[in-house]
1. When the C-alpha atoms of the chain are aligned to their principal axes, what extent does each axis show, in angstrom, from largest down?
2. Amide H to amide H, which residues 5 or more places from V183 or on other chains are under 5 Å from it, using H placed in the peptide plane?
3. Using only the Cα atoms of region 83-184, each taken as one equal point scatterer with no solvent, compute I(q) by the Debye sum, divide by I(0), and report log10 of the ratio at q = 0.10 Å⁻¹.
4. Quick one: grab Rg to one decimal and Dmax as a whole number for region 110-168, Cα atoms only, in Å.
5. Determine the dipole magnitude for region 1-113: charges of +1 sit on the beta-carbon of Lys and Arg, -1 on that of Asp and Glu, nothing else is charged, the reference point is the Cα centre, and the result goes in debye to the nearest 20.
6. Per-residue counts of other Cβ atoms within 10 Å, averaged by peptide: what ranking do you get for 60-66, 83-89, highest first?
Amino acid sequence: MAVLPIAKLGNPILRKIAEPVSIEELLSEGFQLFIDDMIETMRAKDGVGLAAPQVFQSKQLVVIESHLNPRYTEAPEISLLVLVNPLFTFLSPEKVEGWEGCLSVDNLRGKVKRSKKTALKALDRKGEKIEIETDTFLAVILQHEIDHLHGRLFVDQISDVTSLSQLEEFNRYALGNKEQIPVA
Ligand code: NI
């Protein structure tokens, strides 16, 4: 297992449409090791999600995990999810606005509006079909991560550009030094 380098804002790989993963490729030893490396990287970087293009692989793969954390008091408990070829089947017109950050965008936070409720289909790491329906914080993470597979970043969709903040000032003014927000 290895912690992989993260592609940063401006790297063209973050703007490419990621390729679907075939079952043969998914089940190959190399790809299974890559999934393990993605999980290790997400954990090492303190992220709640990571998409393959963020580690220089233009593939439709995301990993998500969130644990209660004294640094992220807002972060809920989400068990490890490995999603291959995820596809939204529902995005509610009703939106919620929240702060976001990204492992590929150092030191910036901004407010983004996301669908409150989502449903999606994907494959797990064994190639089994899974469906997820959620209106919790997971819905926001799913939209952030799957955007990465379509070449989109949260900074493209800041709902109020004046909210864009550097981390230190964000901690001071937006959060009043109380808590951090998860990045993905
Ligand atoms: Ni991100």
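We did not get these values from a lab; they are worked out from the coordinates using the rules stated. Because the structure is predicted, anything quoted here is derived from the model rather than measured. Reconstructed Cβ throughout: ideal geometry from the backbone, glycine too, with neighbour counts over all protein chains shown.
1. Taking the Cα atoms of the chain, the three principal extents are 49, 35, 32 Å.
2. Amide H to amide H, under 5 Å and 5 or more residues apart or across chains, V183 pairs with V48.
3. Rounded to two decimals, the profile gives -0.30.
4. 13.9, 43
5. On the way: 11 positive and 15 negative charges, 115 e Å.
It works out to roughly 560 debye.
6. Descending packing order for the listed peptides: 60-66, 83-89.
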